[in-house]
Amino acid sequence: MTFRMKPTALLTNDDGIHAAFLHALVAACVGEGFDVVVAAPAGERSWIGRAFSRHREVAVTEHPGLGRQAWSVDGTPSDCVNIALGHLLRSRPDVVISGLNIGFNATMPLCLSSGTLAGATEGTAWGLPAVACSLDLEQPVFERVHRTSSVCPPELRPHLESACRHAARFAKSLVGQDASGLLVHSLNYPAGVTDETRMERTRPALVRHGSLFRRTATGYAFAWNDGENLTPDRATDLAVLERGLISHTVFDFGGTAPL
């Protein structure tokens, strides 16, 4: 008799290993039949892009109770995936999943800055299928979840779980596919996503933010602004999210996707 082994998913994020959104994604991946291992930052590492901790040692500690095995990594999302693949895992996973991020990772400037995208990118750099997934939130809800990321508000829970189920199914569809290129699948879920919400292929909107800092008494502090959308058409990630649909953007960092 032949027994089929479960596919293995390596999960990471940039909101930290205690984030409720990560825990919900772990549960969804287990429910989809994945053997889940986790390597996630010890704390929030948002807006850090594809940074590595080159000039200091990175501490790694086991974090029981999250998937089959989990590690808390005192570093960036890229550190997490690189150390896990190079040192922590006994065998290669079948897919790398980064998220589920608190807030969207849509528009080109945000995608270039995103630790969530970077975690997935590190996976594809090792020849693995890779998915980054994010949940859009209304600003008041975002502020609430961001302050206490280990807790998901009850009214948000059904939408979070729908997004996680979809992300887990999507990741499973990539298992066994050719991953010789540098392709990262970025999924952005609308705030009100349900199991019936449709997905559309998109491209990142080009937004110009200008300064993202404000002057303080002693220097400059980060200050978000929505910027100017230079590509206001229906095929962008931002436009699809605004229509209440799931945005699916493929980043082809190897130039190998068919034209």
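The values are calculated or read from the model by the stated rules, or taken from the named source; none is laboratory data. No experiment lies behind these values; they were computed from the predicted model shown. When we count neighbours, we look across all protein chains shown, and the Cβ atoms used for this are built from the backbone with ideal geometry, even at glycine. Protein only, heavy atoms only, side chains kept; ligands, DNA and RNA dropped before computing areas. Shrake-Rupley method; radii C 1.70, N 1.55, O 1.52, S 1.80 Å.
Assorted remarks:
- A single member of Val26, Val38 is in contact with a Leu (Cβ under 7 Å, 6 or more places away or on another chain), open to solvent by less than 30 Å² (accessible area, probe 1.4 Å) and either assigned to a strand (DSSP E or B) or of a type in the set (Ser, Thr, Tyr) (or both), and it is Val38.
- Residue within segment 224-241 that is over 23 Å from Ser46 (Cα atoms), more than 17 Å from the chain's Cα centre (by Cα), acidic (Asp, Glu) and modelled with pLDDT of 95 or more present: no
- Residue that is surrounded by the most Cβ atoms within 10 Å (Cβ to Cβ), among those in segment 1-23 that are among the aliphatic types (A, V, I, L, M), within 18 Å of the chain's Cα centre (by Cα) and not in a helix (DSSP H, G or I): Leu11
- The set of residues in segment 76-112 being in contact with a strand residue (DSSP E or B) (Cβ under 9 Å, 6 or more places away or on another chain) and charged (D, E, K, R) consists of Asp79, Arg92, Asp94.
- Reported count of residues in segment 109-155, each being in contact with a Cys (Cβ under 7 Å, 6 or more places away or on another chain) and free of Cβ contacts under 8 Å to residues at least 24 places away in the same chain, is 0.
- Annotation note: of Thr218, Thr197, the sole residue that is out of contact with any Gly (no Cβ under 9 Å at 6 or more places or on another chain), of a type outside the set (Lys, Arg) and open to solvent by 20 Å² or more (accessible area, probe 1.4 Å) is Thr218.
- Exactly one residue among Phe170, Phe142 is of a type outside the set (A, V, I, L, M) and under 27 Å from Gly254 (Cα atoms), and that residue is Phe170.
- Of the residues making up segment 92-108, those that are in contact with an Asp or Glu (Cβ under 6 Å, 6 or more places away or on another chain) and either among the hydroxyl-bearing types (Ser, Thr, Tyr) or free of Cβ contacts under 8 Å to residues at least 24 places away in the same chain (or both) number 0.
- Of residues in segment 127-156 being closer than 24 Å to Met199 by Cα and of a type in the set (D, E, K, R), the one least open to solvent (accessible area, probe 1.4 Å): Asp136
- Scan segment 157-175 for residues that are open to solvent by 60 Å² or more (accessible area, probe 1.4 Å) and under 18 Å from Gly244 (Cβ atoms) and the total you get is 3.
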